[in-house]
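To start, the structure under review is shown below, and the notes come after it.
The values are calculated or read from the model by the stated rules, or taken from the named source; none is laboratory data. Note that the structure is a prediction, hence the values are computed from the model and not measured. Counting neighbours? That spans all protein chains shown, and the Cβs are built from the backbone with ideal geometry, glycine included. Side chains included, ligands, DNA and RNA excluded: accessible areas come from the protein's heavy atoms. Shrake-Rupley method; radii C 1.70, N 1.55, O 1.52, S 1.80 Å.
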Amino acid sequence: MAVTTDIVESYRRPRAVMARQLQSGIGEERALAYVMIACFVFFVASLPALARQNHLDPNEGGFAALAGGALLGATIMAPLMFYGIAAVSRLVAMVFSGNGTWLRSRLALFWSLLAITPMMLLRGLTEAFTGQSPALSLVNIATAVLFGYLWFNSMRAAEASQ
């Protein structure tokens, strides 16, 4: 199935989507692609808010400086941080007798990140148009809840008996 179709389906049946991906023999290259694409979309989602920030306070060094810093953070630092989080989640799963692997744990996290990219794009637009507002808080909460739901269910599928 297409990744976009899987993203939509994962909102309804995250364990089934993760199980199907695991059965298809996904390797490290796919996991890396998931996290890099997700992080790049997070960067793109931050651009409208950065433009707003630059417009409201032009003395911060300009839009190019803001965007450059965001690009560095999103494409270099964030994937490294997510690899660390995936390792910690695997250790936690091992404590609870999980039967997965390190790769499966990474895939569960990275797929969950990729699956919330539509919400991150909505978050970026909301912040650009409303700034710090109740609407942004609502989108942040919805994004966090959706991510938790997807990651928890993806980890359950990844740590199930192989």
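If a residue must be touching a residue at least 60 places away in the same chain (Cβ under 8 Å), in contact with a Ser or Thr (Cβ under 7 Å, 6 or more places away or on another chain) and under 29 Å from F129 (Cα atoms), how many such residues does region 1-49 contain?
Residues in region 1-49 being touching a residue at least 60 places away in the same chain (Cβ under 8 Å), in contact with a Ser or Thr (Cβ under 7 Å, 6 or more places away or on another chain) and under 29 Å from F129 (Cα atoms): 3 in total.
Taking the condition open to solvent by 60 Å² or more (accessible area, probe 1.4 Å), closer than 17 Å to V3 by Cα and not in a loop (DSSP other than H, G, I, E, B), does L121 pass?
Yes; evaluated as a whole, the condition is true for this residue.
List the residue pairs whose Cβ atoms are under 7 Å apart, where the first residue sits in region 127-149 and is at positive phi and assigned to a helix (DSSP H, G or I), the second is open to solvent by 40 Å² or more (accessible area, probe 1.4 Å) and not charged (D, E, K, R), and the two are 6 or more positions apart or on different chains.
none
Taking region 153-162, which residues are loosely packed, with under 14 Cβ neighbours inside 10 Å and of a type outside the set (S, T, N, Q)?
Answer for region 153-162, where residues must be loosely packed, with under 14 Cβ neighbours inside 10 Å and of a type outside the set (S, T, N, Q): there is none.
What's the number of the condition R52 fails, among (1) among the basic types (K, R); (2) over 25 Å from L146 (Cα atoms); (3) free of Cβ contacts under 8 Å to residues at least 12 places away in the same chain?
The one condition R52 does not meet is (3).
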